[in-house]
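The values are calculated or read from the model by the stated rules, or taken from the named source; none is laboratory data. Values in this document were obtained by computation on a predicted structure and should not be read as measured data. Cβ placement follows ideal geometry from the backbone for every residue including glycine, while neighbour counts extend to all protein chains displayed.
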Amino acid sequence: MAVEHGTIPGKAIGVAVSDSPLGPFKDARGSALVTNDMTKAVKHSWDDIDPTVIIDKNGQAYLFWGNGICYYAKLKPNMTELDGEIKTITLPHYTEAPWIHQRNGWYYLSYAYEFPEKIAYAMSRNINGPWVYKGIINELAGNSNTNHQAIIDFKGKSYFIYHNGALVPDAGSFHRSVCIDYLYYNKDGSIKRVVMTSEGVKKVK
């Protein structure tokens with residue numbers, strides 16, 4: 001999770017743990033995992049936001065995050081410490097909100113693109129790159145300046161989770177409504193554009 005640090009200026013990333021995904025959660029470290037003085041690729045103080053974790057096919061966990069640049073680092077098995085240096089990935093028009101997933105030997109790194117935000121993505125055979133930019137997945141929501149995503153597989157189907165401002169249209173751009181639509185792949189592994197719908201997806205049996 002990203003928070004404003006109490007003594008080191010700028011955003012920081014902490015780790016919370018729970019015995020249940022519903023909580024209650026508690027601080028796992030007593031200190032931040034990542035602080036703004038550890039990341040120097042961009043000059044602003046809010047580059048350490050939007051963390052996400054992937055555990056690859058070899059059981060290695062990685063943390064991805066960042067605004068203005070995409071940072072990533074290995075995590076130790078305890079999931080509360082970095083294991084090595086913080087690295088960066090340069091992606092076209094990268095803004096924030098990285099999300100990484102695996103499928104059929106490919107790694108997919110999707111992210112918020114420009115501002116107002118679309119969702120774009122890159123592909124790689126290796127989590128350390130090189131990453132090849134592949135294009136836009138999801139267009140502007142129209143009623144929300146931000147558009148952050150998650151991609152999951154569940155019971156044989158792929159889902160694209162994102163947000164817009166549809167439920168509270170007059171409350172401003174940061175009143176976000178969670179949306180979900182189907183995600184489809186081309187034969188070469190690339191992702192088809194997601195068509196935003198009002199209906200969403202069918203109930204999973």
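Observations, loosely collected:
- In the stretch 67-79, the residues that are surrounded by 14 or more Cβ atoms within 10 Å (Cβ to Cβ) and either more than 19 Å from Ile127 (Cβ to Cβ) or in contact with a Phe, Trp or Tyr (Cβ under 8 Å, 6 or more places away or on another chain) (or both): Asn67, Gly68, Ile69, Cys70, Tyr71, Tyr72, Ala73, Lys74, Leu75
- Residues in the stretch 173-202 that are among the small types (Gly, Ala, Ser) and more than 14 Å from Gly142 (Cβ to Cβ): Gly189, Ser190, Gly200.
- Single residue of Ser173, Ser177 found to be within 20 Å of Glu114 (Cβ to Cβ), modelled with pLDDT under 95 and of a type in the set (Ser, Thr, Tyr): Ser173
- The sole residue among Ser45, Ser110 that is among the small types (Gly, Ala, Ser) and under 15 Å from the mean Cα position of the chain (by Cα) is Ser110.
- Residue, surrounded by the fewest Cβ atoms within 10 Å (Cβ to Cβ), within the stretch 164-205, restricted to residues that are touching a Ser or Thr at 6+ places or on another chain (Cβ under 6 Å) and assigned to a strand (DSSP E or B): Asp181
- Taking the numbered list (1) of a type outside the set (Gly, Ala, Ser); (2) assigned to a loop (DSSP other than H, G, I, E, B); (3) more than 15 Å from the chain's Cα centre (by Cα) in turn, Asp37 passes all entries but (2).
- Residue within the stretch 7-27 that is in a loop (DSSP other than H, G, I, E, B), surrounded by fewer than 16 Cβ atoms within 10 Å (Cβ to Cβ) and in contact with a Lys or Arg (Cβ under 8 Å, 6 or more places away or on another chain) present: yes
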